[in-house]
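> I have a structure I would like to understand better, so I am pasting it below and will then ask my questions one at a time.
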Amino acid sequence: MYFPDQDPNMNPRPDGRKPKAGKGGAKVVALCLCCALLGGAAGFGGALAAGMLYKGQEQTGQTVVEQNKPAPQISTVVSTPEGQLAPGQVYAANVDACVGITVSTTTNIYGYTTTSAATGSGFVMSADGYIITNHHVIEKAAKDPAVPITVTFQNGDSYKARLVGSEADNDVAVLKIQAEGLKTVTMGDSDKLVVGEAVYAIGNPLGELTYTLTDGLISALDRVITTGSGNDAASMNMLQTNCAINSGNSGGPLFNAKGEVIGITTAKMSSGDSNAATVEGLGFAIPINDVKPIIADLVEHGYVTGKPYLGITVSSVTAADAQRYNLSVGAYVESVEEGSCAEKAGLQVGDIITAIDDTVVTTHSALVATKATYRAGDTVTLKIVRSHQEMELQVTFDEEPPAGAAAQQPQQTRPDQQAQPGGQYQNPFGGIFGWPFSNFFG
């Protein structure tokens, strides 16, 4: 696959992050970021006006938290059969609110840093310059504040943008440019979609064919799509469409026939064969209702609030690992953060988590997915195995800190051959190392 945001009274804190149960899970053969690594800039999106006041800013790296302003209001318009537009009308009403996003730098042969064209799309959320796109479009800038982000409109206007906040789990990011009176679009209600409904995308396919309109239908709802593989795998609820979505469309808007944004175009399925043509008619978009509260949190706080946090690092004990080391299948605890809820509950290095409440945990990914169904402050029962003895611990989740704080965790070593007491393993070349395949887990 190629990877080419509520009402005025809404609570900006999202509920659980678990993907909706799929009505038909799609097996993704290959899923790649939809940023076009080609020459040219531009892309697009739709948006909604939400006036906000600024009285002060606090900046850490590339994420800026703006203080003393009211929470953003993201209005929802319920779709009805009346008022549908022709494709050309959808385009004319929204193209001026669509943007191209260029994020990347390279070092030339003389050692100077220059901007290159890794292009995605986005759309304007408010007249004062808030723009929505995918996290993977701006991922390089999220990791390195020195990487510039450029936003370009159809009329040629170009702005430097700052990253307000991003959320990798749901592949959403919010940017801000210094501008006023921008054209915006209306947010729709993705919960009202039906299979067979007409949809339209405006985007930047291939990074060069800027401001392109494509059309299609809603092919299916609530597709649970898994991106990545192994410990990097993540599942998301998606809309399936046959609307043409290509590299460079990432982060752009998917409109219904009333010209309302009902999704963020994100992925396209490929055959997985580098010598074969891309699979046609299989595109995916994030339902806009799934990310409205996330967007509100990003604007107000710079990160998503209420996400549950354990404060441990874990790795998977597979069936093969369990047989080889005489352990239980589950999530092996490699480290426990001092002062975390896990430490307070008595979780120790070497414990193997086998379940959260009644949900069985067999891998690191399963632990992450199950945890995402809860919120900070929820109390759960962790079923663990310690020294081959089954135990239960009561844990009340902390709130996950912003990404910058979460990154300051112990670094994990790798490998291991022969089992040692305390959950460590002896390297045949000498020295004690941690369990292999470690991954940080909040």
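The values are calculated or read from the model by the stated rules, or taken from the named source; none is laboratory data. None of these values were measured; they are calculated from a predicted model. Ideal geometry is used to build each Cβ from the backbone, glycine not excepted, and the neighbour counts take in all protein chains shown.
> Name the residues in segment 344-375 that are charged (D, E, K, R) and buried (at least 16 other Cβ atoms within 10 Å of the Cβ), would you?
351, 371, 375
> Here's a follow-up. Can you find, within segment 376-398, the residue that is surrounded by the fewest Cβ atoms within 10 Å (Cβ to Cβ) among those that are of a type outside the set (A, V, I, L, M) and closer than 21 Å to residue 319 by Cα?
That would be 389.
> Any residue at all in segment 367-379 that's of a type in the set (A, V, I, L, M, F, W, C), part of a loop (DSSP other than H, G, I, E, B), out of contact with any Lys or Arg (no Cβ under 8 Å at 6 or more places or on another chain) and modelled with pLDDT of 50 or more?
No, that holds for no residue.
> Output the residues belonging to segment 222-269 that are surrounded by fewer than 21 Cβ atoms within 10 Å (Cβ to Cβ), at pLDDT below 85 and either assigned to a strand (DSSP E or B) or among the basic types (Lys, Arg) (or both).
224, 226, 234, 235
> Condition test on residue 209, is it at pLDDT below 90 and surrounded by fewer than 23 Cβ atoms within 10 Å (Cβ to Cβ)?
It is true that residue 209 is at pLDDT below 90 and surrounded by fewer than 23 Cβ atoms within 10 Å (Cβ to Cβ).
> Can you pull out the residues in segment 311-356 that are assigned to a helix (DSSP H, G or I) and among the hydroxyl-bearing types (Ser, Thr, Tyr)?
The answer is 325, and nothing else.
> Additional query: Scan segment 118-129 and give yes if some residue there is in contact with a Ser or Thr (Cβ under 6 Å, 6 or more places away or on another chain), among the small types (Gly, Ala, Ser), surrounded by 17 or more Cβ atoms within 10 Å (Cβ to Cβ) and modelled with pLDDT under 70, otherwise no.
yes
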